Amino acid sequence: MTEAFTTAPEPAGRVSGTARSSDVLSITDLSVTFATDAGAVRAVAGVSLRVAPGEVLAIVGESGSGKTVTAKTILGLLPETATSSGAVFLSSKDGSSTNNVISVGKQKLRQLRGTDVSMVFQEPSTALNPVYTVGWQIMEGIRAHGQVGRAEAKKKAIEILGRVGIPDPEIRVNYFPHQFSGGQKQRVVIAMALVLDPGLIVADEPTTALDVTVQAEILDLLRRCRDDFGTAIVLITHNMGVVADLADRVAVMYQGKVVEEADARTLFASPQNDYTKKLLAAVPHLGQGVVHAADRAAARKPDWAAGTPVVVAEDLRIEYPGRLGRGGFTAVDGVSFSIRPGEVLGLVGESGSGKTTIGRAIAGLTRVTDGSLTVHGHQMNGFKERAFKKLRSDIGFVFQDPASSFNPLLTIADCVAEPLIVHGRAKNPAAARARVDELLEAVQLPRSYGDRYPHELSGGQRQRASLARALALEPGLLIADEPTSALDVSVQARVLELFAELQREFGFAALFISHDLAVVDILADRIAVLYHGKLVEEGTSAEVLGDPKDPYTQRLLASLPVPDPVEQAERREKLRELRTAG
């Protein structure tokens, strides 16, 4: 956001001066500056916060607001290029000692990490070492902080794995990270954070990469960490539904400053700062799809539904072959659906349900095992690459993470021009530049951004460039696989608006894959729900989200956190009832 926001008045109860003896964490006038080639960059400017024992403080704000830098300062994890001032007082759980993290030495910091404060990272796959068992990694933390024997350390590791909900912990303590699902890996990371019983856990986007059903389980686990272990939590997130579900108090950061701070119910019910209001307004809500669907219907020709479908799947089955004598795995099992010209089909479901596999099969990247899948009139069951190659130009693909889908050695203009060169529409990037500039303007990026490299753009800007590349050949079908899941709510809102505008302008059909029902509600004409490879429900937003029939859809809907603490408490209770009912 480029608007200038006024800073809200200093909230009542803000810590000033020295730490209060009752607080687990007290941050006073914290400023952090990074030395760069272009000069000093101030990431945090005069932040003061406090966290009481057993309290959950959520720090929210868009990328670049300083929330993660503030979180890393608590653990002394800033790089050598950072200069800090102010005070960060961290107290032990029993209150026997208090240390200023900024001024203590490296040896003392190593003692504090794990015993007084621990961190839960956003991506558990990168936080866990793939070559060691999870038990070894938990035991390593235990033995690093005291004279504990191997047998006793393993006993503690098994106990903590059981307490965070890992089934059969006596067996799974010897498993490697790749043998766990995404949600289970996050539980293991939480177990590592809890094993030394710290008074404070810093959780940096702990549910961003998880499905809503798994996210609900992790939020329940964090709530138990607070209630059963008495652990305070600093929650860093851009998901306002997660904040409403878990937080006691909320601090809103913008451009390195805390612009508003209040208890969760007050902040959601009556935000005071302009930036907070804009942040909450950007959050997608269930029920918005009715208005958007009406707008799309009004813009179409009366006979649009009579056109030949772009995609038709009939009893589609996709199986991955087994290895080393093991049986195959059925990823998609008897699925039937169609996508008409200019229509957006939202495909939802948890990880492993078969969403991405279907998207890849439509794009010709995964082989069809049985049934029928027709794309632009071409049968994909047993297709030949030579025959399908000419149709690839009529299919665009938007990936979940544009940072990894762009070549870091090429400029944005070169990346966007690549499809034009591959399919013979331009001889080289220079010849394609006029078309590239048009595409960049269509996705609301300045032409000059074409000369930048991917790392020089923000996440939202990279995703816009990814849209430009997908539209370069003017495809009749666009496949978007989780294109907004890693974006801040404000950036996500702008990308979703852009997607809707481009879809109306270019008229392409789209398969929009997501686990966020509110996002799909806004964009999709119809929604298809997958569960364990089967299509369990399909219909309009009003039919699927307004009156779900299948028990899985009901659980999926109840798992989605909403940005309202009062309503979210009711939804959490309903989800418990649905889980109990099976």
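Placing +1 on the Cβ of every Lys and Arg and -1 on the Cβ of every Asp and Glu, with no other charges, gives region 114-231 a dipole of roughly 360 debye about its Cα centre. A Cβ-based charge dipole, computed about the Cα centre of region 386-501 with Lys and Arg at +1 and Asp and Glu at -1, lands at about 560 debye.
With respect to the chain, whose longest principal axis is taken over its alpha-carbon atoms, helix 459-470 is tilted by about 10°.
A cut-off under 9 angstrom between Cβ atoms defines the neighbours of Phe121, and their net charge, with Lys, Arg +1 and Asp, Glu -1, is -3. Dipole of region 344-424 computed with +1 at Lys/Arg Cβ and -1 at Asp/Glu Cβ about the Cα centre; of Pro402, Gly349, Val375, farthest Cα towards the positive end is Val375. Note on region 302-454: the C-alpha convex hull projects to 12.3 nm² when averaged across all orientations. Dividing the convex hull volume of the alpha carbon atoms of region 497-537 by its residue count gives 75 Å³ per residue. Judged by the gyration tensor of its Cα atoms, with axes a ≥ b ≥ c, region 384-440 is oblate; a/c meets the 1.5 cut and b/c is at least as large as a/b. Kirkwood radius, region 453-577, all distinct C-alpha pairs, inverse of mean reciprocal distance: 16.2 Å. With neighbour counts taken as other beta-carbon atoms within 10 Å, the residues Ser118, Ser351 rank, fewest first, as Ser351, Ser118. Loop-located GluC sites (Glu not before Pro) in region 454-554 (DSSP state not H, G, I, E or B) with no more than 14 neighbouring Cβ atoms inside 10 Å do not occur. Based on the reciprocal of the average 1/r between different C-alpha atoms, the Kirkwood radius for the chain equals 25.7 Å. Largest first, the three principal axis extents of the alpha carbons in region 138-220 are 40, 29, 19 Å in whole numbers.
For Lys574, the aspartates and glutamates whose Cα comes closer than 16 Å to its Cα, not counting residues fewer than 8 places off in the same chain, are Glu217, Asp220, Asp245, Asp547, Asp550, Asp564. So if R0 is 35 Å, what FRET efficiency would Thr98 and Ser270 give, r being the distance between their Cβ atoms, rounded to the nearest 0.05? E between Thr98 and Ser270, to the nearest 0.05, is 0.50. P(r) tail, region 159-274: Cα-Cα pairs separated by more than 23 Å, 36% of all pairs.
Normalised by the number of residues in region 392-519, the mean separation of alpha-carbon contacts (under 8 Å, six or more apart) gives a relative contact order of 34 percent.
Separation of the alpha carbons by more than 31 angstrom is noted, of Lys257/Lys355; Lys384/Lys534; Lys72/Lys154; Lys67/Lys549; Lys67/Lys108, for Lys257/Lys355; Lys67/Lys549.
Summing +1 for each Lys or Arg and -1 for each Asp or Glu among the other residues whose beta-carbon sits under 15 angstrom from that of Gly146 gives +3. Over all other residues within a Cβ to Cβ distance under 11 Å of Phe180, the charged ones net out to +3, with Lys and Arg as +1 and Asp and Glu as -1. When the alpha carbon gyration tensor of region 30-133 is reduced to an equivalent ellipsoid, its three semi-axes come out at 22, 20, 16 angstrom, largest first.
The simple Förster model, with R0 at 41 Å and r as the Cβ-Cβ distance, assigns Trp304 and Glu567 a FRET efficiency of 0.65.
Loop-located trypsin sites (Lys or Arg not before Pro) in region 402-506 (DSSP state not H, G, I, E or B) with no more than 11 neighbouring Cβ atoms inside 10 Å: Lys427. Helical content of the chain, expressed as a calculated mean residue ellipticity at 222 nm, amounts to -11000 deg cm²/dmol (DSSP H runs of 4 or more residues, -39,500 (n - 2.57) each, divided by residue number, nearest 500). Rounded to the nearest 20 debye, the dipole magnitude of the chain is 1420 debye, with +1 charges on Lys and Arg beta carbons, -1 on Asp and Glu beta carbons, and the Cα centre as origin.
When the Cα positions of Ile522, Leu471, Gly507 are compared along the charge dipole of region 457-582, Leu471 comes out farthest toward the positive end, with charges on each C-beta of Lys, Arg, Asp and Glu.
Take every pair of alpha-carbon atoms less than 8 Å apart whose residues are at least six positions apart; their mean separation over the length of the chain yields a relative contact order of 15 percent. Taking only the Cα atoms of region 520-582, the radius of gyration and Dmax are 12.3, 35 Å.
Peptide packing for 176-184, 518-526, 323-331 was compared via the average number of neighbouring C-beta atoms within 10 Å per residue; ordered from the highest value, the list is 518-526, 176-184, 323-331.
Any read-out appearing in this document is the output of simple, stated calculations on the displayed coordinates, not a laboratory observation. In this text the structure is predicted, and so the values were computed from the model without any measurement. When we count neighbours, we look across all protein chains shown, and the Cβ atoms used for this are built from the backbone with ideal geometry, even at glycine.
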